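Colleague: Quick one: the structure is below, questions incoming.
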Amino acid sequence: MHFNAYGGNGAALAAALVNLTDFSPAALEPVLAANAMLRPAVTPAQAEELRVWARRLDPVFGELDQDKQIQLINDLLDVTASKPYVSAHDGKEPHLHFFSVDADIVARAKDTSAGGLAMAISFSDGRRLGRCDRPGCETVYVDTSRNGRRRFCSLACANRVNVAAHRARGVAE
């Protein structure tokens, strides 16, 4: 599944923030940079704001009730400072921006992640914003597979579940 820059980058940023366990600036800045956030430097206070934001993003992933998932995303959009606009900078085709490049990193991360989740649910179904099916694993992901049937955060989790199922079948026989 191909998402545009916001659906892909923004939804991926949302998943990365939810999965992050260390919100120190040293741990957070590389995650922001890896998800295409400009000027990713954060203060400890900004890192704490993003930790709180990540907890707000978390319930969107794996929510099976589409109406509830839409409401969760709309609640996120309500608290962002986002005002979408079209831009054609740096020789690129016209495209949508969800944040002002002059905003601070917290506002840009909130706008990008909320906008990305909105785009992901609007241009695919909400099941692509998943939570790992392995018992005990809370990792979230954005399913970009062709068929949209991803169930696990990684091959390691899928293998653990499949090996356990195989062993259980062997014992039952």
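The values are calculated or read from the model by the stated rules, or taken from the named source; none is laboratory data. Remember, predicted model here, so these are calculated numbers, not experimental data. FYI the Cβ positions are ideal-geometry reconstructions off the backbone, even for glycines, and counts take in every protein chain you see. The protein model used for the area step is the full one, side chains on, heavy atoms only, and it has no ligands, DNA or RNA in it. Shrake-Rupley method; radii C 1.70, N 1.55, O 1.52, S 1.80 Å.
Colleague: Under the Kirkwood approximation applied to all pairs of distinct alpha-carbon atoms, what is the hydrodynamic radius of region 81-173 in Å?
Modeller: Across region 81-173, the inverse of the average 1/r is 16.4 Å.
Colleague: Taking the solvent-accessible surface of protein heavy atoms with a 1.4 Å probe, what is the per residue accessible area of region 23-163 in Å²?
Modeller: Counting only protein heavy atoms, the per-residue value for region 23-163 is 55 Å².
Colleague: Compute the FRET efficiency between Leu38 and Ser154 as 1/(1 + (r/R0)^6), taking r as their Cβ-Cβ distance and R0 = 30 Å, and round to the nearest 0.05.
Modeller: 0.55
Colleague: Right, here's the next one. So if R0 is 30 Å, what FRET efficiency would Ala45 and Tyr85 give, r being the distance between their Cβ atoms, rounded to the nearest 0.05?
Modeller: Computed FRET efficiency for Ala45 and Tyr85: 0.60.
Colleague: Let me ask another. Using only Cα atoms, tell me the angle between helix 25-34 and the longest principal axis of the chain; keep it within 0 to 90° and round to the nearest 10.
Modeller: 90 degrees
Colleague: Cα axis of helix 105-123 to longest principal axis of the chain: angle in degrees, 0 to 90, nearest 10?
Modeller: 60 degrees
Colleague: Using a 1.4 Å probe on the protein chains only, how many percent of the accessible area of the chain belongs to carbon and sulfur?
Modeller: Answer for the chain is 54 percent, counting heavy atoms of protein chains only.
Colleague: Nearest 0.05, what FRET efficiency do His166 and Leu20 give at R0 = 25 Å with Cβ-Cβ as r?
Modeller: 0.15
Colleague: Would you mind counting up the charge near Ala33? Only other residues with Cβ under 14 Å from its Cβ, with Lys and Arg at +1 and Asp and Glu at -1.
Modeller: +1
Colleague: Once phi is turned into θ = phi - 60°, what whole-Hz ³J(HN,Hα) does the Karplus curve with 6.51, -1.76 and 1.60 give for every residue of region 41-49, x standing for Gly and Pro?
Modeller: So the J values, rounded to whole Hz, are 4, 10, 8, x, 5, 5, 4, 5, 4.
Colleague: Within the chain, what's the longest run with no trypsin sites (Lys or Arg not before Pro) in a DSSP loop and at most 12 other beta-carbon atoms within 10 Å? Give the range, please.
Modeller: Excluding the exposed sites themselves, the longest stretch runs over 1-91.
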